[in-house]
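Only one structure is covered here, and it is reproduced in the block below.
The values are calculated or read from the model by the stated rules, or taken from the named source; none is laboratory data. All figures in this text were calculated on a predicted structure; none of them were measured in a lab. Backbone-built Cβ (ideal geometry, glycine too); neighbour counts: all protein chains shown.
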Amino acid sequence: MATVLIVDDSKFMRLTLKNLIEKKSGGKHVVIGEAEDSATALQKYKELKPDIVTMDIILPVDGGLKAVTDIILFDPKACILMVTAMGQEKIIEEAMGLGAKGFVIKPVNPDKLLSSLDILAGK
Ligand SMILES: [Mg+2]
């Protein structure tokens with residue numbers, strides 16, 4: 001079981017991910033918080049200490065890479081899964097370089113998302 005923080009500026013996307021994560025996993029993984037920008041992401045991470053963070057790249061103000069940087073600075077063991085649109089391979093590479101542990105491409109394939117969470121939860 002893993003606790004998950006969802007970071008995405010789209011409310012619809014947060015809802016979609018939450019449903020996928022909780023229903024598709026049969027309650028194995030639980031969403032404990034949501035954030036819509038990078039500052040809130042760091043604040044919620046500190047507050048909630050989730051096992052896994054799903055991270056959008058295009059976020060208002062500072063963007064997802066800033067959130068990845070800040071969270072890993074706070075907790076080098078943070079488990080961050082990038083969830084991002086196609087065509088952003090360079091940014092994904094950058095995020096992995098910063099310490100993100102994996103990535104899933106939007107539109108999200110439910111099985112791929114769940115298997116990524118299972119892998120990260122097992123770490
Ligand atoms: Mg976005």
(request) Could you please tell me which pairs satisfy a Cβ distance under 6 Å, a separation of 6+ or placement on different chains, a first residue in region 61-80 that is in contact (Cβ under 8 Å) with a residue 24 or more places away in the chain, and a second residue that is assigned to a loop (DSSP other than H, G, I, E, B) and within 13 Å of the ligand (Cβ to nearest atom)? (result) Val61/Asp37; Gly64/Asp56; Gly64/Ile57
(message) So the check is Cβ under 9 Å with 6+ separation or different chains; which pairs have a first residue in region 99-123 that's farther than 13 Å from Asp51 by Cβ and part of a loop (DSSP other than H, G, I, E, B) and a second one that's among the small types (Gly, Ala, Ser) and modelled with pLDDT under 95?
(response) Pro107/Ala85
(message) Condition (residue is buried (at least 16 other Cβ atoms within 10 Å of the Cβ) and within 16 Å of the ligand (Cβ to nearest atom)) applied to region 24-35: is it met by at least one residue?
(response) yes
(message) Between Ile80, Ile72, Ile21, which is modelled with pLDDT of 95 or more, within 13 Å of Leu117 (Cα to Cα) and touching a Gly at 6+ places or on another chain (Cβ under 9 Å)?
(response) Ile80
(message) I'd like to verify a number: residues in region 1-23 that are in a helix (DSSP H, G or I) and more than 13 Å from the ligand (Cβ to nearest atom), how many?
(response) 7
(request) For region 55-95, enumerate the residues that are assigned to a helix (DSSP H, G or I), of a type in the set (A, V, I, L, M) and within 16 Å of the ligand (Cβ to nearest atom). (result) Leu65, Ala67, Val68, Ile91, Ile92, Ala95
